[in-house]
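Since every read-out is calculated from the coordinates, none of them should be taken as a lab result. Small disclaimer: the values here were computed from a predicted structure and weren't measured. Here the Cβ positions follow ideal geometry from the backbone for every residue, glycine too, while neighbour counts run over all protein chains shown.
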Amino acid sequence: MTKLSQATFVLYARTLIEIAYGDEATRRLLANYGYTDERLREGAALIDDAESALKDLNAQRGDKIGTRKEFIAAWDKARRTYMATLAIARLAFADDPLCRKALALPGPRGRTFSAWYDQARTFYGNAVELDGVIERLGRYGYSAESLKAERAVVQKALEVNQAYAMEKGESIESTADKNRTLAKARAWVSMFRTVLAIAYAESPEQLKRFGPLAPVARSR
């Protein structure tokens, strides 16, 4: 059988079971092999579960994409804000090694968000708290209020990053749940197709009516 997409498998599997369940003669035939009405309903329930898991995963992926875009925008805004102030601070404290260290001015900025955020948090936290920093930055138009406002922009990037991390975690969990659910559905359908082919061994021409997942007639 050609490899099907997950959504297509669910659609075809539902068709297979519904056709079998909807035909009284087929149900009587399958009952001889242990596939009672209850067992067919169990298979249909597995397909329902698989479809639900796929929908949940797709919704989760949509949420993750939206949150990722929000995070990228928030970090870009925070980075531009911070880098502009960082450049001014490096000029303002060029002759003050203690303040340069306290404000984490030397060296490149972190490439990951975590490393970058640690530097920005150190900068704004000490810029607001240390004596003399605001006074010297005030010569370049900064104030305690403006620095706190910039710190809030940086903090917003952190909050969105945390939301994005949570979405990624939920997406991984949803993927695992989907895989488990689909595996159960595939196993059930695989066995059912085998039994269906056996049940119609005397009239294999009828198998075609069970749709795209109709089993191949067994050779005698």
Inset, instruction - Obtain the nm distance between the two label points defined at A115 and D56 by a simple spin-label model: each point lies 7 Å from its Cα along the Cα-to-C-beta direction. - result: 3.7 nm
Legend entry - Cleavage-rule hits, chymotrypsin sites (Phe, Trp or Tyr not before Pro), segment 1-89, DSSP coil, Cβ neighbours within 10 Å at most 14: Y33
Legend entry - Out-of-range pairs (alpha-carbon distance over 28 Å; input K101/K168; K77/K101; K55/K77; K69/K101): K101/K168; K55/K77; K69/K101
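Reported to two decimal places, what Rg/Rh ratio describes segment 131-203 when computed on Cα atoms with Rh from the Kirkwood expression?
Details: Rg = 30.0 Å, Rh = 17.9 Å.
Rg/Rh: 1.67.
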Legend entry - Whole-Hz ³J(HN,Hα) from phi, Karplus 6.51 cos²θ - 1.76 cosθ + 1.60, for segment 201-212, glycine and proline x: 4, 7, 9, x, 5, 6, 5, 4, 6, 8, x, x
Inset, instruction - Measure out, as a whole number of angstrom, how far apart the alpha-carbon centroids of segment 30-103 and segment 147-220 sit. - result: 20 Å
Legend entry - Cα radius of gyration and Dmax for segment 1-133 (Å): 30.7, 93
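Taking 0.36 nm per intervening residue step and subtracting the Cα-Cα distance, what contour gain separates E135 from Q155 on full extension?
Numbers: separation 20, 0.36 × 20 = 7.20 nm, distance 2.34 nm.
Stretched out fully, the E135 to Q155 stretch lengthens by 4.9 nm.
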